[in-house]
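The values are calculated or read from the model by the stated rules, or taken from the named source; none is laboratory data. Keep in mind that this is a model prediction, so the values were computed, not measured. Reconstructed Cβ throughout: ideal geometry from the backbone, glycine too, with neighbour counts over all protein chains shown. These accessible areas exclude ligands, DNA and RNA; they are computed on the full protein's heavy atoms, side chains included. Shrake-Rupley method; radii C 1.70, N 1.55, O 1.52, S 1.80 Å.
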Amino acid sequence: MEPVVRLSNAVAVLGQFPVLAGANLTVNRGEILLLQGPNGAGKTSLLRLCAGLLPLARGEATVLGCDLRTNRAAVRSRVGLLGHANGLYADLTVAENVAFWGSTVGASASEVTASLVRMGLSERLANVAVSRLSAGQKRRTALACLVARRAELWLLDEPHAGLDASGRDELDATLRDATSAGATIIVASHELERAGALASRVIEVAGGQIREITGHAGPEGVR
Amino acid sequence: MPTPKSPTPETSTPASAAPAGGASTGTAFTRAIGLATIIGMGALAVFGLFISPADVRQSDSVRILYIHVGTVWVAYVAFAVTALSSAAYLWKRTTSLTWDRFAGASAEIGVLFMALTLLAGSLWGRLSWGKFWVWDARVTSTAFMFITYIGYLAVRGLGGSHQQRARRSAVVALLAVLEIPLVHFSVKLWRGLHQDSSVADRTHVTLHGLMLFSLFVALVAFSLLYVWLLMHRQRVLAMQDALDDKGLDYALQQRRSEGDA
Amino acid sequence: MLRVARLLAAKDLRIELRSRVVTNQVLPFAAIVMVMFAFALNSDAVVSRVAPGLVWLATLFSLLTLVQRSFAIESADGATDALRAAGVDPAGIYLGKAIALAVQLAVLEVVLLLSAVVLYRAQLRLSGVVLLVTTFVAATCGLALVGTLYGGLAAGVRGRETLLPLLLLPVVAPVLIGATRATEAALGTGGATVADGWPWVGLLAVFVALFGVGGTLAFGPLIEE
């Protein structure tokens, strides 16, 4: 089967700085891949490249069958990216934010409600303005927006940051559900014990390259 | 307007853009053009200052026109080249950073000559109409063009990858093509409704045969100067881009060794 | 595209209803500008003669603020990136944000016009109402379209506060000229007749058509990395 992500010598540049310096990576359907590595190693850029945001400067990259050199915009509606920023509108309520981001990809009202429930936001918090939330509650809201997008490839940048214990449990359960529904997930995280238990494979990013691969590749590693 | 192409990696500079020897932007062709420019400018000085007669009404101030017409001609040509090169960059079948560099180099020259045009024009205006500035449609839209292309150059300087710079500035250049005629037309309509007459009625210059020929010499000399500047500047920009790419190779090595430490 | 545009416009307007930034900050700013013009010109006769121009000049200054605000909403928490990452049609983003901006501008212009009536003794007349409304609609659309276009370009870059006026003001010059002359005709300022105004509305319409099409095509490439 065609891998979900295939990078070959991928170079990406921010300004004149090579954030990715020739990355090679293959990710198969149903995997939960953990990216680890020091700050500035290129984890975020790798996720942004896979999301079709960062242009490919050299090398080859294919995500969900789309060639990122020629058509990186095509991949965007099929992946979901949770970056450092939450992408939330501070003056809107939690429910309004999730509904907005859900409807950008045509999610129905029931799907929006379901994702609010999934992240434990359906009750008291639903009608609270995002500006009044704590950092962890904002993160939950951003995750709910992501759930509502029903992406084929999930790209998560430090998703655990700021979440409390129940939030982390909900996140992990959500990710497992998503993979069993056929999604593929790449997580960048410093919380190794947490994310490591979840991941089917761990890779090390350093100096804009993929350094080492541990664990077992392939979808059988998920269960 | 053609739909912009999603950028394809183009890091190598075409050989034609970076001449052998690396440090020079001159070729036999540009040297010939340069020589012709010097001769043309010399001829213009002789014709403009000595051979051509003073105007019946404007006396010697008419000689400023040889500069003024030459610089405004270069500025208009330069902005037209910027627009065409930008369109060529955005058109899928001809997309190349060379077009982007031509657009940028030409706009820089255009802004310079537009500044000279406004300067020479207002000096001449002071001498022949007693005022530095008139609210004529042509004068006003020329000033707008000047500001617009200063903005274009600011957009070029925003940073990002070469492709991002090229795409963004090409779109801005084509938007300027929408803007300039609208400004010109609206100022024209505006002045048309007022009693004030336009420049053309009050600045009637009776062109003597020799004056016409001097004007022709000016156009040729300034056109040669434009071509000479454009070739050199475009090559300097190509070298800068190539240097960035070289820098990228080095930065890539540095970046790769980061993880080893 | 239209679905996205409606979604974005509704979102921006809802944010304004909640935050009241435009109502509480931009409107008072525009009002004080109108008062300042009177200080600078120092003559009742002059002020009432140039009232239409001052209304549109104050609108342009406020437009800069409104555009900055419109894109500050997106960049505050990385929503610009999120919109691109969601694969949302850029033409839809463009039209949606332009619609929301147009609605806010329209409210602002009405307030400015009323303040011109009060402060500058500008006279409204019944025969000019159709021309006045048409002018305001056309000029508002034009300003919203180019404001959103250049606002989107400037939003993602360093030095956005200074770049936006440099790029935007030259482009909106035809709107300033056209809308001012048409408004003068509608109000009868300086003896202008209503019939004098319609050619200017034509100019505004051409402006809206050109930048509507141009902006819809150009917005995507401008906001792309």
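The amide H of A:D67, built 1.01 Å from its N in the peptide plane, has no neighbour under 5 Å, considering only residues 5 or more places off or on other chains. For chain C, the relative contact order comes to 27 percent (Cα pairs under 8 Å, sequence separation of at least 6). Our Cα-only numbers for chain A put the radius of gyration and Dmax at 16.8, 49 Å.
Listed peptides A:111-121, B:234-244 appear in the order A:111-121, B:234-244 once ranked by packing, highest mean of other Cβ atoms within 10 Å at the front. For chain C, the longest principal axis of the Cα atoms and the long axis of helix C:90-120 meet at an angle of about 20 degrees. On association of chains B and A, roughly 1700 Å² of accessible area becomes buried (total for both chains; probe 1.4 Å). Rounded to the nearest whole Hz, the Karplus-based 3J(HN,Hα) values (6.51 cos²θ - 1.76 cosθ + 1.60, θ = phi - 60°) of segment C:29-37 follow the sequence 4, 4, 5, 5, 4, 4, 5, 4, 4, with x at glycine and proline.
Taking all C-alpha pairs of segment C:146-225, those more than 15 Å from each other amount to 63 percent. Taking amide hydrogens as placed 1.01 Å from N in the peptide plane, the amide H of A:N28 sits under 5 Å from those of A:V4, A:G218, each at least 5 positions away in sequence or on another chain. Ligands, DNA and RNA left out, the 1.4 Å accessible surface of the protein assembly as shown is 64% carbon and sulfur atoms. Shape summary of segment B:67-122, radius of gyration then Dmax from alpha carbon positions: 12.8, 43 Å. Dimensions of the protein assembly as shown along the principal axes, based on C-alpha atoms and rounded to the nearest Å, stand at 97, 73, 36, largest first. Surface calculation, 1.4 Å probe, protein heavy atoms: C:E161 sits at approximately 110 Å² accessible. Summing both sides, the accessible surface hidden between A and C at a 1.4 Å probe radius is close to 2000 Å². Taken about its Cα centre, chain C carries a charge dipole of roughly 320 debye when the Cβ of each Lys and Arg holds +1 and the Cβ of each Asp and Glu holds -1. Residue-wise HN-Hα couplings along segment A:65-80, as the Karplus relation 6.51 cos²θ - 1.76 cosθ + 1.60 with θ = phi - 60° gives them from phi, are x, 9, 7, 5, 5, 9, 8, 6, 5, 5, 7, 4, 6, 9, 10, x Hz; Gly and Pro carry x. Note: segment B:29-251, Cα convex hull, 135 Å³ per residue.
Each part gets one Cα centre, and for segment C:150-198 versus segment A:190-206 those centres are 55 Å apart.
With only Cα atoms counted, segment C:2-224 has Rg and Dmax values of 17.6, 56 Å. Put simply, chains B and C cover up around 2500 Å² of each other's accessible surface, both sides summed, when a 1.4 Å probe is used.
Pairs spanning more than 32 Å between alpha-carbon atoms, out of A:K138/B:K92; A:K138/B:K246; B:K246/C:K97; A:K43/A:K138; B:K188/C:K11: A:K138/B:K92; A:K138/B:K246; B:K246/C:K97; B:K188/C:K11.
Run through all the Cα pairs of segment A:91-148 and give the fraction in each 5 Å bin from 0, expressed as whole percent. Result returned by the calculation: 5, 25, 37, 23, 9, 2.
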